[in-house]
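For reference, the structure is listed below as structure tokens.
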Amino acid sequence: MAAKKILVVDDESRMRKLVHDYLAREGYEVLEAADGEEGLKVFYDVKDLSLIILDVMMPKLNGWEVLKEVRESSQIPVIMLTAKGDEDDELHGYSLGADEYLAKPFSPRVLVAHVEAVIRRTSGEAAEETSVIEKAGIRIDETAHEVTVDGQAIDLSVKEFELLSYFMKNEGIALSREKILNNVWDYDYFGDARTIDTHVKKLRSKLGDKGDLIKTIWGMGYKFVSEG
């Protein structure tokens, strides 16, 4: 099986080398870009990328601008890197469609864990048969990674897809933010739980009237109820 390709976009050569070395050690094929414009060129030229690791502060085009353009045509998983630890930056990244977010400095081993978690969730390698969930007109095909609402396809980010799937599999159960983070993000998450609220807001919007099926449990979290 061919190695999965990961694009690392960062203007710091030392950072690119560090990430490259750790990921190559795990068997990934790593492509590099030194700025946002170069990163977009690689993104458009290489059609079988599995993941993009994207720095925020870069010359020519910053990470936010690159992410926004990528999301216009692709739902490829994106992990954002930034020297800023501001939670508003983190929430902004998620609002643009980032799947993960790491503040510098970070442990390379933690980055690898994030990469492996995202690859595992999005590759579909573990799925041996079609897994379909259908409730109240919302249909999720986990193998094809497709969602329809009353027969109309909707475009969800990887994280939004995982979140909706988790809600529907746990219909009627009040889910705390901590439990959602630990299950949907696939590892212990130490950031602000408002990350979930940002994703739920976007998910509800994309679901239209069906967004009301995701109920807020004040002071705790959320619950999916198919009866509305």
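The values are calculated or read from the model by the stated rules, or taken from the named source; none is laboratory data. Everything quoted here is computed from the prediction, not taken from an experiment. Reconstructed Cβ throughout: ideal geometry from the backbone, glycine too, with neighbour counts over all protein chains shown. SASA here: full protein model, heavy atoms, side chains in, ligands and nucleic acids out. Shrake-Rupley method; radii C 1.70, N 1.55, O 1.52, S 1.80 Å.
Sort out which residues of the range 29-47 are crowded, with 22+ Cβ neighbours inside 10 Å and under 20 Å from the mean Cα position of the chain (by Cα), and write them in order of number.
Those that are crowded, with 22+ Cβ neighbours inside 10 Å and under 20 Å from the mean Cα position of the chain (by Cα): 36, 39, 43.
Which residue pairs have Cβ atoms closer than 8 Å, lie 6 or more positions apart in sequence or on different chains, and pair a first residue in the range 11-22 that is within 17 Å of residue 37 (Cβ to Cβ) and charged (D, E, K, R) with a second residue that is open to solvent by 70 Å² or more (accessible area, probe 1.4 Å) and in a helix (DSSP H, G or I)?
none
Among the listed residues 184, 149, which satisfies the condition of being among the hydrophobic types (A, V, I, L, M, F, W, C) and either open to solvent by 50 Å² or more (accessible area, probe 1.4 Å) or over 19 Å from residue 78 (Cβ atoms) (or both)?
Going through 184, 149 in turn, the sole match is 149.
Could you list, in sequence order, all residues of the range 134-154 that are of a type in the set (S, T, N, Q) and in a strand (DSSP E or B)?
Of everything in the range 134-154, those that are of a type in the set (S, T, N, Q) and in a strand (DSSP E or B) turn out to be 148, 152.
Considering each residue of the range 186-202, count those that are at pLDDT below 85 and under 18 Å from residue 158 (Cβ atoms), and give that number.
Total meeting the criteria: 5.
Filter the range 48-97 down to residues that are without any contact (Cβ under 8 Å) to a residue 60 or more places away in the chain, within 11 Å of the chain's Cα centre (by Cα) and not in a strand (DSSP E or B), then give me how many there are.
Here the count works out to 3.
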